[in-house]
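K.L.:
Sharing a structure below in structure tokens format, with a few things to ask.
The values are calculated or read from the model by the stated rules, or taken from the named source; none is laboratory data. Computed from a predicted structure; not experimentally measured. As a convention, Cβ positions derive from the backbone with ideal geometry for all residues, glycine included, and neighbour counts pool all protein chains shown. Ligands, DNA and RNA are stripped out before the accessible areas are found, and what is left, the full protein with its side chains, is counted by its heavy atoms. Shrake-Rupley method; radii C 1.70, N 1.55, O 1.52, S 1.80 Å.
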Amino acid sequence: EHTVFALPFAYLGMILAGKAWPSWEVFFWVTLAMVAARTTGMTLNRLIDLRIDEKNPRTQNRPLLTGEFPLWGAWVSVAVSLVAFFLSAWMLNPLCFKLSWPAALLLSGYHFVKRFSFLCHFTLGAVLAAAPMGGWLAVTGSFSWIPVFLSAAVLFWVAGFDIIYSLQDVDFDRAYGLHSIPVRFGEPLALKISDSCHVATAFFLFLFGLFDGLGVVYWVGLAIVTGLLVFEHALVADGDRSKINAAFFTINGWVGILLLVFTFLEILR
């Protein structure tokens with residue numbers, strides 16, 4: 001289900017690269033690559049953090065800890081997902097396949113950053129920021145500076161909502177020596193940093209629309225997405241941690257979807 005955060009932005013890069021819906025073959029391989037990448041990343045996250053999760057009251061009921069899902073099954077999932085990811089990149093074009101190896105390294109390594117740096121939120125953002133550039137490269141097979149704005153928007157968007165999400169674990173992280181922006185700077189300043197991240201998100205989405213020559217439908221979509229981000233921060237502004245899941249999953253799940261829908265409508269116009 002975490003694919004919903006990255007997949008719309010991969011599709012955005014894909015449709016904006018050619019200002020049209022690509023072939024169904026490209027669509028299929030991009031979709032498989034993204035689902036495989038997120039499955040790899042999330043499953044590795046559960047495996048690498050297993051000993052941490054068993055101590056954290058919030059995560060003690062996860063399936064790998066309860067025995068609902070076996071460890072061997074998780075490792076098989078990682079292996080199958082990685083094969084699917086590399087195969088998808090191979091089927092797209094040579095540049096995508098070459099870049100799939102550093103992408104796999106990012107997917108495998110970002111989980112460790114919270115053990116030594118509060119910049120873990122931005123590392124996760126960098127992983128998902130590869131999605132729009134990946135979608136663009138899947139269609140064109142070459143780099144462009146235009147999707148860089150979209151990737152920057154994703155980086156700060158993910159970092160901003162991951163800071164909010166990490167508020168749930170601030171006491172546990174502090175007790176067990178794990179790093180995050182709330183642990184390093186305290187909750188009030190962490191929320192301000194998250195605010196700034198999402199201001200940066202709106203700014204880079206604005207630059208993207210401006211330099212890519214998008215029209216009024218895109219701007220309407222951007223206004224709605226910006227409103228959702230404002231609402232997200234209003235939900236958690238009072239420090240009520242019970243609202244974090246609504247802010248994290250529900251609102252952010254809609255951000256990418258709505259931006260994709262309005263941008264696609266803009267292209268069809």
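K.L.:
Go through (1) open to solvent by 60 Å² or more (accessible area, probe 1.4 Å); (2) touching a helix residue (DSSP H, G or I) at 6+ places or on another chain (Cβ under 9 Å) and name the single condition Phe86 misses.
P.N.:
(1)
Here is a yes/no grid of residues against (1) free of Cβ contacts under 8 Å to residues at least 60 places away in the same chain; (2) more than 20 Å from Val26 (Cα to Cα); (3) open to solvent by 20 Å² or more (accessible area, probe 1.4 Å):
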site: Arg115; (1), (2), (3): no, yes, yes
site: His121; (1), (2), (3): no, yes, no
site: Ser142; (1), (2), (3): yes, no, yes
site: Pro147; (1), (2), (3): no, no, no
site: Val158; (1), (2), (3): no, yes, no
site: Phe161; (1), (2), (3): no, yes, no
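Conditions tested, residue by residue: (1) open to solvent by less than 30 Å² (accessible area, probe 1.4 Å); (2) aromatic (Phe, Trp, Tyr); (3) touching a Lys or Arg at 6+ places or on another chain (Cβ under 9 Å).
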{"site": "Phe5", "(1), (2), (3)": "yes, yes, yes"}
{"site": "Trp21", "(1), (2), (3)": "no, yes, no"}
{"site": "Trp24", "(1), (2), (3)": "no, yes, no"}
{"site": "Phe28", "(1), (2), (3)": "no, yes, no"}
{"site": "Arg46", "(1), (2), (3)": "no, no, yes"}
{"site": "Pro63", "(1), (2), (3)": "no, no, yes"}
{"site": "Leu71", "(1), (2), (3)": "no, no, no"}
{"site": "Ser77", "(1), (2), (3)": "no, no, no"}
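K.L.:
Can you give me the number of residues within the range 174-208 that are in a helix (DSSP H, G or I), farther than 22 Å from Gly221 by Cβ and open to solvent by 20 Å² or more (accessible area, probe 1.4 Å)?
P.N.:
12
K.L.:
Select the helices (runs of 4 or more DSSP H) contained entirely in the range 1-105, then report the ones holding at least 3 residues which are more than 30 Å from Leu265 (Cα to Cα).
P.N.:
Per the criteria, 24-48, 50-53, 63-66, 71-92.
K.L.:
Do we have Ala36 as surrounded by fewer than 18 Cβ atoms within 10 Å (Cβ to Cβ) and closer than 19 Å to Ala89 by Cβ here?
P.N.:
It is false that Ala36 is surrounded by fewer than 18 Cβ atoms within 10 Å (Cβ to Cβ) and closer than 19 Å to Ala89 by Cβ.
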